[in-house]
Amino acid sequence: MAKAPEFDVPEAGDYIFTPPVLPGAMSHSQPFVAKEAHQEAVGYPGELIDNWQEVAIEKLGEMTKKYRGLQVYLDSCVKCGACTDKCHYFLGTGDPKNMPVARQDLLRKVYRRYYTLAGKYLPKLVGAEDLTEEVLDDWYKYYHQCSQCRRCSVYCPYGIDTAEVSMAAREIMATVGKGQKYCNEIIGKVHKIGNNLGLPEKALANTLEGLEEDVLEDDGVAVKFPLDVKGADVLLVTPSADFFAEPHIDGLIGYAKVFHQAGLSWTVSSHASEAANFGLFIGSYENMQKVALRIREAALELGVKRIVFGECGHAWRVGYSFLNTLAGPFDFLDSNYPVPQHIIEVTHDLLSQGRIKLDPEANDDKRVTFHDSCNVARASRMGSKAGGQFVLPREVIKAACNNFFDMRADTIGEATFCCGGGGGLLTDDLIELRTKGAMPRMQALKEVNEQHQITHMAAICAICKSQFSKVLPYYGFEMDQIISVHQLVGDALVMDTEH
Amino acid sequence: MGLFLSVILYGTLLVFVVGILRKVIQYATIPAPLKIPTTPAPTTRTGVVFRLGREVVLFESLFKASKWTWLFGWLFHFGLLLVLLAHLRYFTEPVWWWVALLAPFSPYFGMMMMFGLAGLLARRFLVDRVRYISAPSDFLMLVFLMAIAGSGLIMRYWLHADIVQVKEFALGLLAFDFGLLGFNPILVLHLVLVAVLLLIFPFSKLLHAPGLFFSPSRNQVDNPRERRHIARWAKPLDGNRGEKPHG
Ligand code: HEM
Ligand code: HEM
Ligand code: SF4
Ligand code: SF4
């Protein structure tokens, strides 16, 4: 079902072609600016303040004193160009400002102008520039053409992470009153209601009940989807898309079946009914911490022993890398388990202990590949060994499915290409960018498809799943070819009916 | 001439040392509030030492990124390192044995450096992406380093400097005894350029050398589930929950 797009979809050719630079190719692309209410709900001024230049420059200086990474990254880039062909948005659009180093330079040139000797006295020589309205516009456009996927930081000889620069720039923009609607509106909802969708407790309870009925009908097993159960062992924190969206929901059913079959008592919390944490995307430590603390509160309130995260990429980054720091210490939980755990880790453990069994023949109708999500791949880990985030999901998939085929090596693992919709860009006002940015992943998918007749691509990220269901059709695939890893698990799980 | 050169070399060396120290202290004291190593990352300190070691010695990440840039960049940096080590022949008496071993090859190291720099410069002109991100200073930096290496090579092959005198001058520098130096224009140029290099080092992108060691995406241990990692400034946000901040 090919779609008629309102823009040119890049061709996913036989290999990933590095385009010539096309200045301005994406200068029309920008997301909606946050309205007053959205801004104020997350602690920022409602509209662009009068003395924004002054405040922005001061904020930049302040942030370089709070974040060593930012300071080192702004100083250290040698313009070697190693990162220039690594960003999926550059590969998909050719706009030179989507080259990671050029994206950083939008902030760096201002940093140089106001905070370095050379930039103060010889701005032309070192490419320093005043902070003008055009520069602010460029910030708004191009810092919202970065999915904070960190692919560039893998290849930079100093690990310069454009994601960090984008986050800082977004924080500065929000501080002067130019925040992004999509992210800020969502963070406001989490603060107020507890999840990105603004889904109240009642609706959540109904949804979960409905799922119990569905599973009973389909599989004849009374799998429970508990909500706010005090004294449960496991608190499941999962992206709210898992409650509603396709194909996410089949993943949620998969987790529930695993818990059921392993005999683990678990619960979802209505207070922390969201794993996603968009505070990360806007670079706001305070907002990120506030959202993360809901998980701590829920764990204490329900008296659980373990916290497990569902399939979501950036949520796992915040969970794995930051949760202990932001909302710890978790000394009140069972110290036999890492806090938090990923559902893949749980399933993997249960499989290796023989506590659950998978029958891969159940998925014989599928030929599957796996999309490594950026935040899982380059900003977190699973298991006890470095790189476990690549091994564990593949082992789980292979246990659940006989036909597994990886995409080309330089497009998976730490080199994985972003789906094109991460980092707070999963909004309809950026659909052109999202479609173009998906090109490298679509190219690799096309290639593995030609070799192995792939039927499905599995993923462990709510954003990737939503993004792919939207953009797959632009590249000649079907929207339902993207699935949750735990859908494969759920379908292959050998269930005892007497449970 | 000797006095003039001594004074500017001392002056610029002072700027260099103070400038770098200032930066290193700054980098060492700014907190990195969250764990952001680019994963897969080492799970131990020792692992991090090896990771940084590979970046410094092998340019590991650059190798993954671009073989040409890696080749030119690596030849330039290791040529530079070897040239500098061989230069110790002017500053040691008796010359350390391993310096004496390197010294005869010094011109080849210089050529290695030149070749690398030329490649990097060509890349800056020829690759449209790299041209786009280059400021005038990025071209100049390469030309400038070529001028240092070039003036050295010219002395080696054409306009010979009086090496005995250079050595006296260099040893004099170390002993705070400002010796005389005959006026060889190329040598003067060589030394003035070296002084300029020292001067701009702490204020330019040459900060990548100390920067690498402080880059959180490369120098952090991957252990956030085991250890909390709270910055000084984040401590007040932590309520009464936490332990001591990490500094
Ligand atoms: C710890 C020591 C150092 C390390 C690990 C290091 C590493 C690197 C790397 C990986 C690059 C990028 C690749 C390239 O373009 O060559 C680079 C670029 C560069 N380095 Fe270094 N470097 C170090 C010290 C120095 C020193 C002492 C100098 C100068 C005298 C220097 C001058 C340069 C220049 C000028 C460039 C830019 C080259 C270009 O324009 O493409 N580096 N360095
Ligand atoms: C005070 C410091 C320095 C002194 C007294 C000095 C002196 C000299 C002299 C006398 C030569 C000629 C060698 C010959 O005729 O065999 C030379 C060569 C050279 N110098 Fe320097 N130099 C100094 C610093 C530097 C620095 C910092 C660099 C690099 C950035 C450099 C790069 C070179 C190169 C590439 C050559 C040619 C290769 C060779 O013969 O070693 N020099 N230098
Ligand atoms: S973080 Fe990802 S999206 Fe952002 S510049 Fe780097 S490669 Fe591009
Ligand atoms: S790879 Fe790193 S140092 Fe090289 S241009 Fe990109 S950001 Fe700058």
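The values are calculated or read from the model by the stated rules, or taken from the named source; none is laboratory data. Because the structure is a prediction, the values reported are computed rather than measured. Virtual Cβ from ideal backbone geometry, glycine too; neighbours counted across all protein chains shown. The area values use the complete protein model at the heavy-atom level, side chains included, leaving out ligands, DNA and RNA. Shrake-Rupley method; radii C 1.70, N 1.55, O 1.52, S 1.80 Å.
Over 20 Å between Cα atoms, which of A:189/A:290; A:86/B:35; A:470/B:64; A:366/A:398 qualify? In this structure, A:86/B:35; A:470/B:64 lie more than 20 Å apart at Cα. Put simply, the amide H of residue A:266, placed in the peptide plane, has neighbours under 5 Å in A:233, A:234, leaving out anything fewer than 5 places away on its chain. The angle between the Cα long axis of helix A:100-115 and the longest principal axis of the Cα atoms of chain A comes to about 50 degrees, rounded to the nearest 10.
With all protein chains in place and a 1.4 Å probe, the accessible surface of chain B carries 75 percent carbon and sulfur.
Remark on the protein assembly as shown: A:77, A:80, A:87, A:146, A:156, A:183, A:312, A:401 stand apart, with no other cysteine beta carbon under 4.7 Å. For region A:199-304, the Kirkwood hydrodynamic radius comes to 14.4 Å, computed from all pairs of different C-alpha atoms. Close amide-amide hydrogen proximity is noted between residue A:483 and A:457, A:458, A:459, each under 5 Å apart and 5 or more residues distant or on a separate chain (H modeled in the peptide plane; Pro and chain starts excluded).
Under 12 Å from a label point set 7 Å out along the Cα-to-Cβ vector of residue A:18, the amide N atoms of region B:67-87 belong to B:67-70. Applying Stokes-Einstein at 10 °C and 1.306 mPa s to the Kirkwood radius of region A:36-179, computed over alpha-carbon pairs, gives a translational diffusion coefficient of 103 µm² s⁻¹. How far is helix A:248-262 tilted, in degrees, relative to the longest principal axis of the Cα atoms in chain A, given as a value from 0 to 90 rounded to the nearest 10? That helix lies at roughly 40 degrees to the long axis. Checking every one of the chymotrypsin sites (Phe, Trp or Tyr not before Pro) in region B:127-211 against DSSP loop status and a limit of 14 other Cβ atoms within 10 Å picks out B:158, B:176, B:183. In chain B, Cα pairs under 8 Å separated by at least six residues give a relative contact order of 37 percent. Interface residues of region A:89-126, defined as those losing at least 50 Å² of solvent-accessible heavy-atom surface relative to the isolated chain (probe radius 1.4 Å), are listed as A:125. For the pair region A:309-329 / region B:1-77, the C-alpha centres are spaced 31 Å from each other.
Taking every DSSP helix (H) stretch of at least 4 residues in chain B, weighting each as -39,500 (n - 2.57) and dividing the sum by the residue count yields a mean residue ellipticity at 222 nm of -22000 deg cm²/dmol.
Whole-percent P(r), region B:1-127, all Cα pairs, 10 Å bins from 0: 10, 22, 34, 27, 7, 0.
The label-point distance for residue A:451 and residue A:230, in a model that sets each label 7 Å from Cα toward Cβ, rounds to 5.6 nm.
Rounded to whole Å, give me the distance from the Cα center of region A:341-395 to that of region B:166-192. Value for the Cα centre distance between the two parts: 66 Å. Checking every one of the trypsin sites (Lys or Arg not before Pro) in region A:339-409 against DSSP loop status and a limit of 10 other Cβ atoms within 10 Å picks out no site at all. Extent of the protein assembly as shown along its three principal axes (Cα atoms, max minus min coordinate, largest first): 98, 55, 53 Å.
At most 16 other C-beta atoms within 10 Å and a DSSP loop state: those are the exposed GluC sites (Glu not before Pro) I care about. Give me the longest piece of chain B that has none. Between exposed loop sites, the widest span is B:1-225. Surface analysis of region A:36-179 yields an accessible area of 29 Å² per residue, using protein heavy atoms and a 1.4 Å probe. When chains B and A come together, the accessible area they lose, probed at 1.4 Å and totalled over both chains, is close to 5600 Å². Protein heavy-atom accessible surface, 1.4 Å probe, per residue over region A:293-394: 31 Å². Amide H contacts under 5 Å for residue A:342: A:309, restricted to partners 5 or more places along the chain or on a different chain, H placed in the peptide plane at 1.01 Å from N.
Once the chain from residue B:14 to residue B:164 is taken as fully extended at 0.36 nm per residue, the excess over their C-alpha distance is 51.4 nm. Beyond 32 Å, the tail of the calculated P(r) for region B:2-226 holds 29 percent of the Cα pairs. Along the axis of the charge dipole computed for the protein assembly as shown (Cβ charges of +1 for Lys and Arg, -1 for Asp and Glu, origin at the Cα centre), the listed residues B:166, A:147, A:173 are led at the positive end by B:166.
Computed from Cα atoms, the angle from the helix A:462-471 axis to the main principal axis of chain A rounds to 80 degrees. Qualifying trypsin sites (Lys or Arg not before Pro) in region A:1-90, where qualification requires a DSSP coil assignment and no more than 15 other C-beta atoms within 10 Å, comprise A:3, A:35.
Label zone of residue B:226 (point 7 Å out along Cα→Cβ, amide N under 19 Å): in region B:14-36 this covers B:34-36. Carbon-plus-sulfur accessible fraction, region A:200-334 (probe radius 1.4 Å, protein heavy atoms only): 51%.
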